[in-house]
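The values are calculated or read from the model by the stated rules, or taken from the named source; none is laboratory data. Computed from a predicted structure; not experimentally measured. Reconstructed Cβ throughout: ideal geometry from the backbone, glycine too, with neighbour counts over all protein chains shown. When the accessible area is computed, the model is the full protein with side chains, heavy atoms only, and any ligands, DNA or RNA have been set aside. Shrake-Rupley method; radii C 1.70, N 1.55, O 1.52, S 1.80 Å.
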Amino acid sequence: VHDHDVNLDDIESGVRGSQGNPRQRDESQVLWAVIRKLPEDYRMVLVYRFINELPIAKIASIMDRSEGAVRVLQHRALGAARKLLV
């Protein structure tokens, strides 16, 4: 396990705990169900980018990839997530 591995359970419980609105909790549960179905690299890039709000350069460093590769990965991850939401 790497120092930067994404622990979805910890992140998910933290995000859920910060949302009091029942509709937001329902939406959050759906989004986490989708995220959990994605391949690990997709999950990592989405969590780093949109939950942790890290810049592309930092994600590239963490994942040991180029910034361009991270952008492509993010694009593919969002596309895969959209397909699962439909």
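What number of residues in the stretch 55-86 are of a type in the set (Val, Ile, Thr), modelled with pLDDT of 95 or more and open to solvent by 40 Å² or more (accessible area, probe 1.4 Å)? Adding up the residues that qualify gives 1. Exactly one residue among Tyr42, Tyr48 is in contact with a Leu (Cβ under 6 Å, 6 or more places away or on another chain), at pLDDT 60 or above and either polar (S, T, N, Q) or assigned to a helix (DSSP H, G or I) (or both), and that residue is Tyr48.
In the stretch 65-80, of all residues being assigned to a helix (DSSP H, G or I) and of a type in the set (Gly, Ala, Ser), the one that is nearest to Ile51 (Cα to Cα) corresponds to Ala77. Ser13 meets the stated requirement of being at negative phi, at pLDDT below 95 and polar (S, T, N, Q). Scanning the stretch 45-54 for residues that are within 13 Å of His75 (Cα to Cα) and surrounded by 15 or more Cβ atoms within 10 Å (Cβ to Cβ) yields a total of 3.
The lone criterion from (1) open to solvent by 90 Å² or more (accessible area, probe 1.4 Å); (2) modelled with pLDDT under 70 left unmet by Arg25 is number (2).
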